[in-house]
1. Only one of A294, A238, A248 is surrounded by 14 or more Cβ atoms within 10 Å (Cβ to Cβ) and away from ligand 2 (no atom under 13 Å from the Cβ). Can you tell me which?
2. Out of the residues in the stretch 165-176 meeting the condition of being at pLDDT below 95 and more than 16 Å from ligand 2 (Cβ to nearest atom), tell me which one is surrounded by the fewest Cβ atoms within 10 Å (Cβ to Cβ).
3. When you scan the stretch 50-73, do you find a residue that is modelled with pLDDT under 95 and hydroxyl-bearing (S, T, Y), even just one?
4. Among the residues of the stretch 295-310, count how many are in contact with a strand residue (DSSP E or B) (Cβ under 9 Å, 6 or more places away or on another chain) and not hydroxyl-bearing (S, T, Y).
5. Within the stretch 31-59, which residues are over 20 Å from S97 (Cβ atoms), more than 16 Å from ligand 2 (Cβ to nearest atom) and either assigned to a strand (DSSP E or B) or out of contact with any Gly (no Cβ under 6 Å at 6 or more places or on another chain) (or both)?
6. Could you grab me the full set of residues in the stretch 179-222 that are under 23 Å from V43 (Cβ atoms), within 16 Å of ligand 1 (Cβ to nearest atom) and of a type in the set (V, I, T)?
7. Residues that are basic (K, R) and within 16 Å of ligand 1 (Cβ to nearest atom), at least 2 per element: which strands (runs of 3 or more DSSP E) completely within the stretch 223-307 meet that?
8. In the list G162, G179, G209, which residue meets the criterion of being in contact with a Ser or Thr (Cβ under 9 Å, 6 or more places away or on another chain) and either on the phi > 0 side of the Ramachandran plot or surrounded by fewer than 19 Cβ atoms within 10 Å (Cβ to Cβ) (or both)?
Amino acid sequence: MHSIAVAGHLCLDIAPLSAERARIDPGSLFEVGPLSITLGGSVANTGGTLADLGAHVVPYATVGDDELGELLLSKLASEGFAPPHLSVSPSLATSYSLVIEHSGSDRTFWHHTGANAGFDGSAVTPDAHDLLHVGYPPLLPGLLDNSGQPLHDLFARARSAGVTTSVDLAVVDRNSAVGALDWDSILTSIFLHTDIATPSFDDLTSAFGIDEAYSPELADRFADRLLEEGVAIVAISAGQHGLRLRTASTERLLAGGGILAPLAESWADRSLTASPLPVEHPVTTTGTGDASTAGLLFGLSQGATPEQAIALAIACSAAVMSGARATRDTVLQLDSTVTAIFSPNV
Ligand SMILES: Nc1ncnc2c1ncn2[C@@H]1O[C@H](COP(=O)(O)OP(=O)(O)OP(=O)(O)O)[C@@H](O)[C@H]1O
Ligand SMILES: [Mg+2]
């Protein structure tokens, strides 16, 4: 089985349950439910779905030298991951989000970046893996110095070892310190060594500073740009509009490391769009993009066709949207056409 390294953003999501009536009100006491503590961030989400699908997943991230860091480690161990490589920051605290539910409105997140700011990729040993996925560079300032040099260097190291590289973005908050960086140069530098990119449409409009609503034409212009800058496989997710897949030439795919080279003929010069599966009772859209990335990467690592891999990506998103984990059984119930991906003869 291939070994997949999932590196980057990792935190704990901490949410008091049944707290709809609670609010900030000095001097008051509100009775709330038990505390829910779950893993969050792209390492936990994309990595977790990959593990749920049956992949061998090795997490890499930076945590603090504190109780939350120990809790995070024990949670990773119980969720199907291979032993993680967690660097411990001597000065930064473990990253967490306080998730506050208000009745009748969207959830509020209080997020502490903490030790994620200390992740610079230097502790990742890509040659121990077949695929290296990095999630959420906009939330990992340690990867962004000098126009993204640390991430560029990490991917350059991976590619020179024949390891396939993959990146998912996050929305760039233009009002933050990271939002003031030169994202055109950062992305150009990163994409030079990126084999697979799975941003959302919103990630790209925010990074490129484009204030336009979704259109298939703009999604294609983004895909053209990423392919021109060196990416071999571009999958742009766009919420209700589904997933757009575009791929580069056979020659480029042949240079895409151990995962892509054997698929070069069947994946070259493809252009496909997949619509979302209907979800009867949607619970959340958070993490649907991470699940989509996991489905695509799992399909690629199993040697699936582009049609099969994007069908799996869509099914993983639908599973998460319905509040379920995207396990093999769940995705097969949602779309039986992806069965072949799980058989050894794909
Ligand atoms: N409102 C929606 N209606 C139908 N399908 C949706 C909706 N939102 C998300 N999806 C499904 O999830 C996939 C990923 O969604 P989206 O592009 O919003 O990801 P994202 O913004 O990267 O999410 P996250 O970063 O929270 O993981 C879509 O391709 C689609 O299949
Ligand atoms: Mg996303």
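The values are calculated or read from the model by the stated rules, or taken from the named source; none is laboratory data. Every value quoted in this text rests on a predicted model; they were computed, and no experiment measured them. Neighbour counts are summed over all protein chains in view; Cβ atoms, including those assigned to glycine, are modelled from backbone coordinates with ideal geometry.
1. Numbers: A294 fails: away from ligand 2 (no atom under 13 Å from the Cβ); A238 fails: away from ligand 2 (no atom under 13 Å from the Cβ).
Being surrounded by 14 or more Cβ atoms within 10 Å (Cβ to Cβ) and away from ligand 2 (no atom under 13 Å from the Cβ) holds for just one of A294, A238, A248, which is A248.
2. Ranking the candidates gives N175 first.
3. Within the stretch 50-73, not a single residue is modelled with pLDDT under 95 and hydroxyl-bearing (S, T, Y).
4. First pass over the stretch 295-310, keeping only residues in contact with a strand residue (DSSP E or B) (Cβ under 9 Å, 6 or more places away or on another chain): 296-298, 300-301, 306-307, 309-310.
Going one step further and asking which of them are not hydroxyl-bearing (S, T, Y), we end up with 296-298, 300, 306-307, 309-310.
Qualifying residue count for the region: 8.
5. As a first pass, look at the stretch 31-59 and keep what is over 20 Å from S97 (Cβ atoms): 31, 50-58.
Filter once more, keeping what is more than 16 Å from ligand 2 (Cβ to nearest atom): 31, 51-58.
Once the filter is applied, which keeps residues that are over 20 Å from S97 (Cβ atoms), more than 16 Å from ligand 2 (Cβ to nearest atom) and either assigned to a strand (DSSP E or B) or out of contact with any Gly (no Cβ under 6 Å at 6 or more places or on another chain) (or both), the stretch 31-59 yields E31, D52, L53, G54, A55, H56, V57, V58.
6. Answer for the stretch 179-222, where residues must be under 23 Å from V43 (Cβ atoms), within 16 Å of ligand 1 (Cβ to nearest atom) and of a type in the set (V, I, T): I196, T198.
7. On the way: elements: 233-237, 243-247, 271-274.
The qualifying strands (runs of 3 or more DSSP E) are 243-247.
8. Values: G162 fails: in contact with a Ser or Thr (Cβ under 9 Å, 6 or more places away or on another chain); G209 fails: in contact with a Ser or Thr (Cβ under 9 Å, 6 or more places away or on another chain).
Answer to the check: G179.
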